[in-house]
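Peer 1: Shown below is the structure under consideration.
The values are calculated or read from the model by the stated rules, or taken from the named source; none is laboratory data. Keep in mind it's a predicted model, so treat the numbers as computed, not measured. Note that each Cβ is placed from the backbone with ideal geometry, even for glycine, and that neighbours are counted across all protein chains shown.
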Amino acid sequence: MLEGMRTLRGSLSAVILLGALVPSLLIASYLIERFRSASEASTMAALEKNATLLTLDVKRDYELLLAAAEQLSSDPDVIYSAYTGAFGAKANIKLARFTQLHPSVFGAMVVDSLAWPVEATPTTLGLLDMAPMTPLLTDFFNDSKQAKIQINDIENASLLSDIYNIQHKDVEDVKELRSDHLFMVMSPLWLSAVDKAELHELVGAMVVLLPVHTLIEEAQKRLLHGDGLDIVILDLMMDNQSLIRPESKLAEVNDYIVIDVPMRVSQSTDTIVWTLGVERAAALQTIDDLQLELWLIVVGLILVLSVVAFWLARYVVNPINSVNKLVASYAGADYSKRSLKLPFRELQQMANVLEQMAQRIVEDQHKLEQRVLNRTYELQNANNELNHTMHQLKATQAQLVEVEKMSLLGQLVAGIAHEINTPVGVAVTAATMLEQQVIELD
């Protein structure tokens, strides 16, 4: 018996340890994975929100920029500066004010119908080599009937270098450029006569230069405090072509949580796609720290449970066995009283309750049998009363049927009598009248 108990104790210890170890490992792994997934989902949601806000802000700025450029193109000072060279100073002031209101604008020019710059802000922009832009301007002026504000993408590293050199005089700025692309906005300058509607001439164009590098810089500034996330611009695509220099791209994009957000600007048929990302290691750093703490807690929990399992197996198994035997005897309908002495108060109370239950079961059996007999007698009496009441109801029903029949018969006889009395009365009346007439005739 003792040897068997020791085996049971060992088995119980092993079961408790395994029962604690396996769920602890599974729960820890599950929680870590859940935390990681929740963190990635939270990061992705924050990234998506910031990306959406960014595209909305950028789109709004560029819609305002295009509207302002179109409005400025209808200004008489700007139009006449392209047509005759007059009012150039006023036009230059308005161009400068325009560039100040729109940080993404690197420069603005007024060109005549020969694609020659008339006014420029900054003024050094007039020294720029116009050769890369001349074909676009020529096509723009050649199709004067269809001329309207439009955006063109120019990829020319030399042109971008010249623009930044003219503006900053700093070679280092050129080396840090992330893109060789330039957005050129062209808005037509129409000269119209007040009294002659047919005089409507395209005399020039307002040109706005938007380097993609500046666009990225302005967008990156908006992302500096994106919900505490270090959000970076990984790529900028247009017409399935990257607008960022290959050497400026991050080497391992897989190390980032990435989202692509499209942006469509009016006056352009192309869609710009922003690729934003958050470094995965930085976003999940808290989860990694939590993972280490969680594993330490699991190891400590396993050690504590090992000690608890050993003591439980040693002090609980034997008393439980005794209680088990008592329960087995009661299950076999053996309710003889037994007195157990157990080391634990809870188990002793359990044994006492079981003994009381056994006594109560025996007493309840006798009471139940007596109650069954009494209930059977009561049910028999109730059944007899129901039968008697049923017979009375049937007799009453028969009487009611007879009464209803007699009532209907009386109504039928009254109706027949009424039908007979009416013609009989008429006949008696007629006979009486005939009898009087016969007497009179005699």
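Peer 1: Can you report the number of residues in the range 142-152 which are crowded, with 18+ Cβ neighbours inside 10 Å and over 20 Å from Leu66 (Cβ atoms)?
Peer 2: Selection size over the range 142-152: 0.
Peer 1: Could you check the range 62-76 and list, in sequence order, the residues that are surrounded by fewer than 19 Cβ atoms within 10 Å (Cβ to Cβ) and either in a helix (DSSP H, G or I) or of a type in the set (Val, Ile, Thr) (or both)?
Peer 2: Passing the criteria: Glu63, Leu64, Ala67, Ala68, Glu70, Gln71, Pro76.
Peer 1: Examine the range 105-114 for a residue that is within 45 Å of the chain's Cα centre (by Cα) and in a loop (DSSP other than H, G, I, E, B), and state whether such a residue exists.
Peer 2: First pass over the range 105-114, keeping only residues within 45 Å of the chain's Cα centre (by Cα): 105-108.
From the residues that got through so far, the ones that are in a loop (DSSP other than H, G, I, E, B) too are 105-106.
Within the range 105-114, one or more residues are within 45 Å of the chain's Cα centre (by Cα) and in a loop (DSSP other than H, G, I, E, B).
Peer 1: Is there a residue in the range 214-226 that is under 29 Å from Asp143 (Cβ atoms), modelled with pLDDT under 80, surrounded by 15 or more Cβ atoms within 10 Å (Cβ to Cβ) and in contact with a strand residue (DSSP E or B) (Cβ under 9 Å, 6 or more places away or on another chain)?
Peer 2: Looking through the range 214-226, none of the residues is under 29 Å from Asp143 (Cβ atoms), modelled with pLDDT under 80, surrounded by 15 or more Cβ atoms within 10 Å (Cβ to Cβ) and in contact with a strand residue (DSSP E or B) (Cβ under 9 Å, 6 or more places away or on another chain).
Peer 1: What pairs come up if the first residue lies in the range 236-260 and is of a type in the set (Asp, Glu), the second is modelled with pLDDT of 80 or more and in a helix (DSSP H, G or I), and their beta carbons are under 9 Å apart, counting only those six or more places apart or on different chains?
Peer 2: Asp260/Ala51
Peer 1: Which of (1) surrounded by fewer than 18 Cβ atoms within 10 Å (Cβ to Cβ); (2) over 49 Å from the mean Cα position of the chain (by Cα); (3) at pLDDT 85 or above; (4) assigned to a helix (DSSP H, G or I) is the odd one out, the single condition Ala96 does not satisfy?
Peer 2: Only one criterion is unmet by Ala96, namely (2).
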